[in-house]
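Chemist: First the structure, which I've put down as structure tokens, then a few questions once you've had a look.
The values are calculated or read from the model by the stated rules, or taken from the named source; none is laboratory data. Just so it is clear, the structure is predicted and the values come from calculations on it, not from any experiment. All Cβ positions, glycine included, derive from the backbone under ideal geometry; neighbour counts span all protein chains shown. Surface areas here come from the heavy atoms of the whole protein model, side chains and all, with no ligands, DNA or RNA. Shrake-Rupley method; radii C 1.70, N 1.55, O 1.52, S 1.80 Å.
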Amino acid sequence: MSNLKTRDITQLALIAALYVAVTIAPGISAFSYGQIQFRVSEILMLLPFFNHKYSWSLIVGCFVSNIFSASLGVADLILGTLATAIACLIITRIPSENKFLWAVPVVCAVVNGIIVGAELHFILKLPFWLNFVTVGFGELVVVAIGAVIFYFLMQNKSFSKLIR
């Protein structure tokens, strides 16, 4: 991170702010937390696949977004952010070729299904396997839609240059 330029820091801050804004936006926020979640901002989890620096944006954005998680409180700040950090770490280890893009939704679904599923189980006493399936499925759907969008966006040389 020591070799980041002002432009990079600005990009990272904008991505973190976008993650928070989309997560807590009225009308969308109802689906951003809880046992059944379709956190639209998770589409941004595709960014570390193309450039590892975006992991920081997502980790910070997730942390700030989870401040608004009324039912889970501090646990969500720690565990929800940990889930994002682990998913980002795994995503950055996937070769950044288009044929591997489809692994990102699976990684996000499994990591969030396990960690957030366990969090909901221990805090709200909801059944773990049901949490794993509902959280994981929501994550899979959202990030898979994002993968399709990014697949086509990356065909545009200007967008690809901006992201990479």
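Chemist: For the full complex of protein chains and a 1.4 angstrom probe, list Arg164, Arg93, Arg39 by accessible area with the highest value first.
Modeler: Output order, biggest surface exposure first: Arg93, Arg164, Arg39.
Chemist: Also, I was wondering about something else. Kindly write out, for segment 29-39 in residue order, the coupling ³J(HN,Hα) from the Karplus curve 6.51 cos²θ - 1.76 cosθ + 1.60 (θ = phi - 60°), rounded to whole Hz, with x marking Gly and Pro.
Modeler: Values per residue, Gly and Pro as x: 4, 4, 9, 8, 9, x, 5, 10, 9, 10, 6 Hz.
Chemist: Taking the alpha-carbon distance from Lys99 and a cut-off under 23 Å, which lysines remain once sequence neighbours fewer than 8 residues away in the same chain are dropped?
Modeler: Straight-distance partners of Lys99: Lys53, Lys157, Lys161.
Chemist: HN-Hα J couplings of segment 122-137 from phi, Karplus 6.51/-1.76/1.60, θ = phi - 60°, integer Hz, Gly and Pro as x?
Modeler: Each residue of segment 122-137 in turn: 6, 8, 9, 6, 8, x, 4, 5, 5, 4, 4, 5, 5, 5, x, 5 Hz.
Chemist: Give the distance, in whole Å, between the Cα centre of segment 52-74 and the Cα centre of segment 128-143.
Modeler: If we compute the Cα centre of each part, the gap is 18 Å.
Chemist: Using only alpha carbon pairs under 8 Å that are at least six residues apart, calculate the relative contact order of segment 28-107 and give it in whole percent.
Modeler: 28 percent
Chemist: Continuing with this model, one more query. Given an 8 Å cut-off on Cα distances and at least 6 residues of separation, report the relative contact order of the chain as a percent.
Modeler: Relative contact order for the chain comes out at 25 percent.
Chemist: Residue by residue, what Karplus-based ³J(HN,Hα) values in Hz, rounded to whole numbers, does segment 52-67 have, using 6.51, -1.76 and 1.60 with θ = phi - 60° and x for Gly and Pro?
Modeler: 4, 4, 5, 4, 4, 4, 6, 5, 5, x, 5, 4, 5, 4, 6, 4
Chemist: Using R₀ = 35 Å, calculate the FRET efficiency as 1/(1 + (r/R₀)^6) where r is the Cβ-Cβ separation of Glu97 and Ile123; round to 0.05.
Modeler: That gives a FRET efficiency of 0.35.
Chemist: Also, I was wondering about something else. Keeping all protein chains in place, calculate the accessible area per residue for segment 114-164 (probe 1.4 angstrom), answer in Å².
Modeler: That works out to 59 Å² per residue.
Chemist: Given 0.36 nm per residue, what is the gain on full extension from Leu4 to Ile36 after removing their alpha carbon distance, in nm?
Modeler: That pair, Leu4 and Ile36, stretches by 7.8 nm at full extension.
Chemist: Rounded to the nearest 10 degrees, what's the angle between the helix 6-24 long axis and the longest principal axis of the chain, both from Cα atoms, 0 to 90?
Modeler: 30 degrees
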